[in-house]
Amino acid sequence: MNFKHKSVMLEEVLNALDVKPNGIYLDCTLGGGGHSRAVGEQLGKDGMIIGLDQDDDAIAAATENLSGLACGVKIFRENFSRLEKILDDSGADKIDGVLFDLGVSSYQIDTAQRGFSYIKNSPLDMRMDRRRTLTAHDVINRYDEDRLIKIFREYGEERFSKRIAAAICRERKISSIETTGELVKLIEQAAPRTKNGGHPAKRIFQAIRIEVNGELEILADAIKKAVARLKIGGRIAIITFHSLEDRIVKETFKTLAQGCICPKNFPVCVCNHKPEIKILGKAKTPTPEEINLNSRASSAKLRVAEKILDSRSTINFCRSSKEE
Ligand SMILES: C[S@@+](CC[C@H](N)C(=O)[O-])C[C@H]1O[C@@H](n2cnc3c(N)ncnc32)[C@H](O)[C@@H]1O
């Protein structure tokens, strides 16, 4: 397997995580293990990398890439929605840092038969985890028109969602839509290309991919679970590649960094809610030099936060004060 992927904002991620030689670091999106390898090279024998990915090809590539490190390495083929169980199974109660580098790898996009690319012709698949049953073929051939419109609008932010969904539903009455090539042709016929809008298939493919992999609904919860397992002073770094993901990260960080959440008309605070994290600066973007070398980095945004308080003590306090 020729797993090609260039890790995005590598230096920035290393700085953000502030790697300690004997720390425990969780990589929720291993891919080819590029970020983890760089973190692992800064760890001594008491340090550890715990990495997960839901894609079997990524697991094979990362396992090879992370061999020979001085630190401990534990790799799991899992969805990051199950990160608590993975940390429990690894015997890691608290960790020093966590990374989410969201979306798909270049390897996944460039491997035609995975069906992620609108440029290559292949069967409609788009699953990161090939143990799951829902594929892009199911979405395109089985979802009703209203559901397609909703997905294209919400996950693709596509202006011509209605027209594209109608074209798909018309076509599949004649015969099922089997390949990415057939789908792209339908999209091109249904949606006019706008001057600065880019190729409409790009947005529709993003929407289908998000639906097939359930990418957005698990994100906020996974961030909260990861923060709950950070040590005080531990760091969370998240790279996103589109505005829908970035909005979720920004809002979740904001909630976790918030103090009192009592209604505004309460004269005194009764919630005792305390900020769990401190947001470290604004979102960072790649340098022009990096984008020149790797155009796929161009939409990346890195957000970083530091744990400042353990939520477990806050939750316990709130419960006991309500019970009193
Ligand atoms: C952008 S790549 C990561 C690349 C990696 N940081 C590197 O430097 O090689 C994203 C990876 O996350 C995986 N992934 C995306 N969502 C996931 C999820 N919910 N659970 C587990 N893995 C996920 C994808 O399969 C993909 O391999």
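Tabulated data
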{"quantity": "One residue from 22, 15 being part of a helix (DSSP H, G or I), free of Cβ contacts under 8 Å to residues at least 40 places away in the same chain and more than 25 Å from residue 213 (Cα to Cα)", "calculated": "15"}
{"quantity": "Residue, farthest from the ligand (Cβ to nearest atom), within the stretch 1-56, restricted to residues that are buried (at least 22 other Cβ atoms within 10 Å of the Cβ) and among the β-branched types (Val, Ile, Thr)", "calculated": "24"}
{"quantity": "Inter-residue pairs, beta-carbon under 6 Å, first on the phi > 0 side of the Ramachandran plot and in the stretch 289-301, second part of a helix (DSSP H, G or I) and at pLDDT 95 or above, 6+ apart", "calculated": "none"}
{"quantity": "Any hit, the stretch 256-263, residues being touching an Asp or Glu at 6+ places or on another chain (Cβ under 8 Å) and assigned to a loop (DSSP other than H, G, I, E, B)", "calculated": "yes"}
{"quantity": "When residues of the stretch 127-150 are limited to those that are farther than 15 Å from residue 177 by Cβ and not in a loop (DSSP other than H, G, I, E, B), the one farthest from the ligand (Cβ to nearest atom)", "calculated": "146"}
{"quantity": "Residue in the stretch 53-65 that is over 20 Å from residue 132 (Cβ atoms), at pLDDT 95 or above and of a type in the set (Ser, Thr, Tyr) present", "calculated": "yes"}
{"quantity": "Single condition residue 222 does not satisfy, out of (1) away from the ligand (no atom under 12 Å from the Cβ); (2) in the same structural domain as residue 299 (by TED's automatic domain parsing); (3) of a type in the set (Gly, Ala, Ser)", "calculated": "(1)"}
{"quantity": "Pick from the stretch 208-259, criterion within 14 Å of residue 279 (Cα to Cα) and among the β-branched types (Val, Ile, Thr), ranking: surrounded by the fewest Cβ atoms within 10 Å (Cβ to Cβ)", "calculated": "232"}
{"quantity": "Selection status of residue 240, under 24 Å from residue 88 (Cβ atoms) and outside the structural domain of residue 136 (by TED's automatic domain parsing)", "calculated": "no"}
{"quantity": "Meets criteria (without any contact (Cβ under 8 Å) to a residue 60 or more places away in the chain and not charged (D, E, K, R)) for residue 134", "calculated": "no"}
{"quantity": "The listed residue being within 16 Å of the ligand (Cβ to nearest atom) and either part of a helix (DSSP H, G or I) or touching a residue at least 60 places away in the same chain (Cβ under 8 Å) (or both), out of 187, 248, 232, 204", "calculated": "248"}
{"quantity": "Qualifying residue in the stretch 72-79 (condition: part of a loop (DSSP other than H, G, I, E, B) and more than 14 Å from the ligand (Cβ to nearest atom))", "calculated": "no"}
{"quantity": "Failed item in (1) part of a helix (DSSP H, G or I); (2) within 16 Å of the ligand (Cβ to nearest atom), with residue 227 passing the rest", "calculated": "(2)"}
{"quantity": "Any hit, the stretch 87-99, residues being at pLDDT 95 or above, part of a loop (DSSP other than H, G, I, E, B) and within 14 Å of the ligand (Cβ to nearest atom)", "calculated": "no"}
{"quantity": "Condition met for residue 105 (away from the ligand (no atom under 13 Å from the Cβ) and among the small types (Gly, Ala, Ser))", "calculated": "no"}
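The values are calculated or read from the model by the stated rules, or taken from the named source; none is laboratory data. No experiment lies behind these values; they were computed from the predicted model shown. Using ideal geometry, Cβ is built from the backbone for each residue, glycine included, and neighbour counts are taken over all protein chains shown.
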